[in-house]
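Undergrad: Quick one: this structure, given as structure tokens, is what I'll be asking you about.
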Amino acid sequence: MKIEIKKEALNKLLSGLAMSALFVGGMGSVISPAFAAVSNVNSVSMNSPSPVNLLSAANFTILSQTGITDTGSHSSKILGNIGSSAITSAAIGVFCSEITGKIYGVDAAYVGSGDPTCFNGNPPLSNKTLVDNAVGDMVTDYNNLAGRTNPTVTELGAGNIGGMTLAPGLYKWGTDVTIPTSVTLSGGVNDVWIFQIAGNLDIASAGSLPSGIKVILSGGAKASNVFWQVGGTTGATLGTYSTFNGTILTAKQVILETGAVLNGKALAQTQVTLDSNPVTTTNNDQNGSLEVSSIDVTKNTALADGTFANGWRYVFHITVPSNEKRLSMNFSDWTNTNGTSTLPVANNLRISSAQADNAGVTVLLTAANTYSTPFLNMIYDTDAGTAGYQADVVVETAIPLNSVEGHYSTNYSVASI
């Protein structure tokens with residue numbers, strides 16, 4: 001078996017012999033794929049600022065001084081610790097059902113939904129000390145970023161950076177900054193972006209996650225190396241169904257409107273407001289490597305009637321890097337083991353994932369040996385304790401009418417960007 005491992009400019013790819021299957025009677029078999037990941041090349045751009053050490057604030061995904069509220073149905077999904085100081089813990093309105101991590105407070109007044117199992121308050125005093133120190137370090141971090149000198153660019157786009165592709169660097173504005181259309185941060189895994197914003201930061205709203213405005217990372221750029229220092233009187237507002245990458249440090253508040261996704265941290269010197277938001281920590285650089293860990297067979301016999309309902313069905317268990325979470329798949333035409341007949345992939349194979357922002361929507365492959373579009377953009381995780389997004393991708397194949405009976409196999413590739 002020949003396994004080809006490819007690398008394209010900004011993509012990670014895996015290739016392997018995916019599976020074999022049988023239709024019209026008999027038992028099929030599954031051949032486990034051989035696979036390997038392609039790592040990014042480690043380098044630092046010449047204009048990249050020096051790294052940022054968040055001190056003990058790095059142990060938190062959300063920090064505030066005057067409270068954390070969830071104005072929606074308490075359906076946010078927060079990965080990491082959150083805390084508030086010096087205000088009473090009664091001002092923390094996040095439920096334990098919304099968090100994979102701990103809630104830290106300065107007293108014992110946290111109420112939540114009535115379930116306090118995720119809450120670490122005072123007593124003991126050590127919990128108060130921990131969150132007090134983290135909030136103090138958050139202010140130190142803010143001042144560190146605001147005090148950085150020798151900007152790469154000043155007043156870029158008069159504060160409108162929508163549609164731009166930005167290299168690593170220190171960007172400075174004396175005004176508000178708006179992101180009305182998606183912006184791309186393109187650089188390597190070690191590169192750093194710092195945005196010094198004297199005014200407010202706003203990323204626009206949209207009607208759904210697929211159509212939402214995004215801060216896109218490419219080339220291996222990591223959310224843990226992106227920092228937004230915001231000094232305005234309102235702070236930072238992430239519009240409805242936007243997707244944002246990086247650590248936000250504000251002199252005022254951070255507002256996540258309905259369904260906005262934050263892959264980073266919200267560190268606010270007043271309050272943080274949530275509304276049904278996925279929020280993922282950037283505590284470490286273990287984004288995970290692209291990997292197909294296993295393939296489950298849920299249906300490997302089929303009827304040649306052209307329907308997906310009577311076709312083959314597999315579930316790929318895939319680790320998708322959290323800094324390259326858009327996934328695409330590529331399949332060759334199915335080949336009969338007799339070597340004389342094939343089943344076309346085009347319009348007969350589709351993929352979907354409940355962990356994608358278009359969960360429940362299938363993506364139909366319209367050609368063999370061509371990557372599927374649109375991408376499956378992973379925003380949910382089946383195992384928050386493992387690096388990267390753990391996703392289940394369902395692969396379904398319909399068998400065209402008048403196909404030749406027998407065993408068939410296909411080659412697959414998986415790409416993330």
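The values are calculated or read from the model by the stated rules, or taken from the named source; none is laboratory data. Keep in mind that what you see is a predicted model, and the values were worked out from it rather than measured. Every residue, glycine as well, gets a Cβ built from its backbone with ideal geometry; the counts of neighbours run over all protein chains shown.
Undergrad: If residue 309 satisfies every condition in (1) farther than 26 Å from residue 208 by Cβ; (2) in a strand (DSSP E or B) but one, which is the exception?
TA: (2)
Undergrad: Checking the condition out of contact with any Cys (no Cβ under 6 Å at 6 or more places or on another chain) and closer than 22 Å to residue 51 by Cα, which residue from 91, 109, 167, 86 passes?
TA: Answer to the selection: 167.
Undergrad: Looking only at region 203-212, which residues are surrounded by 23 or more Cβ atoms within 10 Å (Cβ to Cβ) and assigned to a loop (DSSP other than H, G, I, E, B)?
TA: The one that is surrounded by 23 or more Cβ atoms within 10 Å (Cβ to Cβ) and assigned to a loop (DSSP other than H, G, I, E, B): 212.
Undergrad: Also: Within region 156-202, can you find the residues that are within 20 Å of residue 233 (Cβ to Cβ) and in a loop (DSSP other than H, G, I, E, B)?
TA: Of everything in region 156-202, those that are within 20 Å of residue 233 (Cβ to Cβ) and in a loop (DSSP other than H, G, I, E, B) turn out to be 174, 175, 176, 198, 199, 200.
Undergrad: Look at residue 102 and say whether it is crowded, with 18+ Cβ neighbours inside 10 Å, of a type in the set (Lys, Arg), under 15 Å from residue 62 (Cα atoms) and free of Cβ contacts under 8 Å to residues at least 24 places away in the same chain.
TA: Judged against the criteria, residue 102 is a match.
Undergrad: Please work out which residue is surrounded by the most Cβ atoms within 10 Å (Cβ to Cβ), limiting yourself to region 213-235 and to residues that are in contact with a strand residue (DSSP E or B) (Cβ under 6 Å, 6 or more places away or on another chain) and over 20 Å from residue 163 (Cβ atoms).
TA: Result: 230.
Undergrad: Hey, among 327, 303, 376, which residue is touching a residue at least 12 places away in the same chain (Cβ under 8 Å) and over 14 Å from the mean Cα position of the chain (by Cα)?
TA: 303
Undergrad: If you don't mind, there's one more thing I want to ask. Going through region 343-369 one residue at a time, which ones are outside any loop (DSSP other than H, G, I, E, B), touching a residue at least 24 places away in the same chain (Cβ under 8 Å) and more than 18 Å from the chain's Cα centre (by Cα)?
TA: Once the filter is applied, which keeps residues that are outside any loop (DSSP other than H, G, I, E, B), touching a residue at least 24 places away in the same chain (Cβ under 8 Å) and more than 18 Å from the chain's Cα centre (by Cα), region 343-369 yields 343, 349, 350, 351, 365.
Undergrad: What is the number of the single condition among (1) small (Gly, Ala, Ser); (2) assigned to a loop (DSSP other than H, G, I, E, B); (3) within 30 Å of residue 262 (Cα to Cα) that residue 391 does not meet?
TA: (2)
Yes or no, residue by residue, for (1) outside the structural domain of residue 259 (by TED's automatic domain parsing); (2) among the aromatic types (Phe, Trp, Tyr); (3) over 25 Å from residue 261 (Cβ atoms):
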site	(1), (2), (3)
72	no, no, no
76	no, no, no
89	no, no, yes
95	no, yes, no
102	no, no, no
106	no, no, yes
121	no, no, yes
128	no, no, yes
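Undergrad: Select from region 59-99 the residues that are buried (at least 21 other Cβ atoms within 10 Å of the Cβ), of a type in the set (A, V, I, L, M) and closer than 20 Å to residue 269 by Cβ and list them in ascending order.
TA: Matches in region 59-99: 62, 63, 68, 78, 82, 92, 94.
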